[in-house]
Amino acid sequence: MRIDKYLWCVRYYKTRNIATIACKKGHIRVNDTVVKPGRNIYPMDKIGVRINQINYQLTVQDIPKSRVGAKLVDIYRIDTTPKSEFEAQELLKYSKDYYREKGEGRPTKKDRREIDDFLETDKKDD
């Protein structure tokens, strides 16, 4: 089975076209080599998929005949993604909470006071 079709069948991508584009961009690796969308996969191949800044790692157990339900995905793959990948995503999410969204405009009076208080405490520490 083609790698793009397999990733669509086991629900890593919503459409086959998105899976194909990810292969062309080099986000998919099979046995540590970047592959094209037409590359055939076989049981016991190790696949690396980069989605939303997380490097998923999985091992092919079996080849599905067509797209499978979410509850049946574990029959066809073993997820070997380390927990550290998800922890790094959580840290990234917390670091982005502080910054204002683009287009929110000028700081409010409350925001300005908080900034002033923060800057004043910095000067007192020096």
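The values are calculated or read from the model by the stated rules, or taken from the named source; none is laboratory data. In this text, all values refer to a predicted model and were calculated from it rather than measured experimentally. Note: ideal-geometry Cβ built from the backbone for every residue, glycine included; neighbour counts use all protein chains shown.
Of the residues that make up segment 73-87, is at least one in contact (Cβ under 8 Å) with a residue 24 or more places away in the chain, in contact with a Cys (Cβ under 8 Å, 6 or more places away or on another chain) and assigned to a loop (DSSP other than H, G, I, E, B)? The answer is no; no qualifying residue exists. Among the residues making up segment 14-41, those that are β-branched (Val, Ile, Thr), in a loop (DSSP other than H, G, I, E, B) and touching a residue at least 24 places away in the same chain (Cβ under 8 Å) are Val35, Ile41.
The lone criterion from (1) closer than 17 Å to Asp79 by Cβ; (2) part of a helix (DSSP H, G or I) left unmet by Met44 is number (2).
Could you count how many residues in segment 4-13 are outside any loop (DSSP other than H, G, I, E, B) and closer than 17 Å to Asp74 by Cα? It would help to see each step written out before you state the result.
We begin by selecting, within segment 4-13, every residue outside any loop (DSSP other than H, G, I, E, B); these are 4-9.
Imposing the further condition that a residue be closer than 17 Å to Asp74 by Cα reduces the set to 5-9.
Looking only at that region, the number is 5.
For segment 52-71, which residues satisfy the criterion of being touching a helix residue (DSSP H, G or I) at 6+ places or on another chain (Cβ under 8 Å), free of Cβ contacts under 8 Å to residues at least 40 places away in the same chain and of a type outside the set (S, T, N, Q)?
Filtering segment 52-71 for residues touching a helix residue (DSSP H, G or I) at 6+ places or on another chain (Cβ under 8 Å) gives 52-56, 60-64, 66-68.
Okay, now just the ones that are also free of Cβ contacts under 8 Å to residues at least 40 places away in the same chain, so 52-55, 61-62.
Listed by number, the residues that qualify are Ile54, Asp62.
Might you let me know whether segment 4-16 holds any residue that is surrounded by fewer than 15 Cβ atoms within 10 Å (Cβ to Cβ), among the polar types (S, T, N, Q) and under 17 Å from the mean Cα position of the chain (by Cα)? Yes, that holds for at least one residue. In segment 52-63 there is no residue matching the filter, namely being modelled with pLDDT under 90, assigned to a loop (DSSP other than H, G, I, E, B) and surrounded by 10 or more Cβ atoms within 10 Å (Cβ to Cβ). Going through segment 68-126 one residue at a time, which ones are of a type in the set (S, T, N, Q), surrounded by 10 or more Cβ atoms within 10 Å (Cβ to Cβ) and either at pLDDT 85 or above or under 27 Å from Asn31 (Cα atoms) (or both)? If the condition is that a residue be of a type in the set (S, T, N, Q), surrounded by 10 or more Cβ atoms within 10 Å (Cβ to Cβ) and either at pLDDT 85 or above or under 27 Å from Asn31 (Cα atoms) (or both), then Thr80, Thr81, Gln89 are the ones that fit.
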